[in-house]
1. Restricting to the range 165-186, count the residues that are over 28 Å from the mean Cα position of the chain (by Cα) and in contact (Cβ under 8 Å) with a residue 40 or more places away in the chain.
2. Across the range 140-164, what is the number of residues that are without any contact (Cβ under 8 Å) to a residue 12 or more places away in the chain and not charged (D, E, K, R)?
3. Search the range 281-296 for residues being touching a helix residue (DSSP H, G or I) at 6+ places or on another chain (Cβ under 6 Å) and hydrophobic (A, V, I, L, M, F, W, C), and hand back the single one that is nearest to residue 262 (Cα to Cα).
4. Which of the residues spanning the range 32-56 are part of a helix (DSSP H, G or I) and without any contact (Cβ under 8 Å) to a residue 12 or more places away in the chain?
5. Looking only at the range 136-176, count every residue that is part of a helix (DSSP H, G or I) and of a type outside the set (Val, Ile, Thr) and tell me the total.
6. Checking the structure you have, find out if any residue of the range 243-263 is among the small types (Gly, Ala, Ser), exposed (fewer than 12 other Cβ atoms within 10 Å of the Cβ) and over 26 Å from residue 110 (Cα atoms).
7. Can you tell me which residue in the range 185-221 is modelled with the lowest pLDDT, limited to those that are among the acidic types (Asp, Glu) and open to solvent by 60 Å² or more (accessible area, probe 1.4 Å)?
8. Could you please let me know if residue 272 is surrounded by fewer than 13 Cβ atoms within 10 Å (Cβ to Cβ), modelled with pLDDT of 75 or more and over 24 Å from residue 232 (Cβ atoms)?
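The values are calculated or read from the model by the stated rules, or taken from the named source; none is laboratory data. Model, not experiment: these values are computed from the prediction. A quick note on method: Cβ atoms are made from the backbone with ideal geometry, for glycine too, and the neighbour counts reach across all protein chains shown. Just so you know, the surface numbers come from the protein's heavy atoms only, side chains and all, with ligands and any DNA or RNA stripped out. Shrake-Rupley method; radii C 1.70, N 1.55, O 1.52, S 1.80 Å.
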Amino acid sequence: MLLTLQTPAQPAGSVIEDLRAEGLSFEDIRMGLDLQEAQRRSGAPVLPLRVICGLDAPQRRSNRVGNARILAGTPKPRGRKGGLHITRNEVWANSVQTGTDEEAEFASPLTQRMRARLVIAGKRALKLGRQLACEARAGARSLTEREMKLVCYTPSCQQILIELLDNEKFRKGWCIPAYETIAAWTGLSRSTIYRSLRTLADIGMIEWIRRFIYAHDKEIGARSTQTSNLYRFRLPEWLEKLVGLHTPLPADEEDRRAQAAEEHAAMLATLPPAERRRALPTDVVARAGLVAAGLRLDLRLGAERQARECHDGLPPLIKDYIYKNERSGNGLVGRYAMP
């Protein structure tokens, strides 16, 4: 048999037999295999043999937009890569300059109640994580993905969380300690601080943005220097349910929040695309919530237009049928009025 496979990643059985059963020759299949090998060497996406041989059409990405397309179809900013800043100094990817509006929008002070709930949630997560780890080692149960995150929650995570919350309270939302500062507070190593912060971020209790300072002096000129991160805190709903802190919102509070989200979505839909992109939240969950609120608003307004008694959303006439019969003097009112 003249057909040999030089690519070990390509299956040698059913694929070629299926192609032969559909009438393709060995030469056409060999040319398709050579093309796949060339695509692998060049780093290009490898097309299936059926597509190369013309049996299947290539799959294309759909550009269709769904409901609430004004919000969901907002152009996203281009991804920024790490490298040299305009001052020829290295900065981390997605870093923001200190003193900008983007930095001020990210900082959010906590209430005393939320700060206390975060501390209690951390303590219960530490206790629950130890219990889940014991049960998993004993083979009593298999852990879910979220329960595995709690197993990784260590006393170092709890210690760092408490220190960060104390700093946030003192600075009114501007929690910007460096790794060296956290190490001085806790006595932990830099690697432990890094792992603990990553664990807290995976659980969803903290998030941060990188920052850099842009300065200028007479000797060196313009320069950019990477500085400490800006941290903020939140309590995920799934964590509240696992540790027993979740309390459902009253119906009136849910309606108020839903109405506020719909008004926010309607306001964002009126902005130009560039301003809308800056005004939309960076959090994927928050952005999806605004899109859902816009969809609810569109559906409700459409239902209201269909439910009106007049056509095409026109307002009703001021002089209706009842007042016309009253002026005619027939003495009847309402549905008993004479025409």
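1. So the count comes out to 1.
2. 5
3. By that ranking, first place goes to 293.
4. 34, 38, 39, 41, 42, 51
5. 23
6. no
7. This residue is 219.
8. For residue 272, the condition - surrounded by fewer than 13 Cβ atoms within 10 Å (Cβ to Cβ), modelled with pLDDT of 75 or more and over 24 Å from residue 232 (Cβ atoms) - is met.
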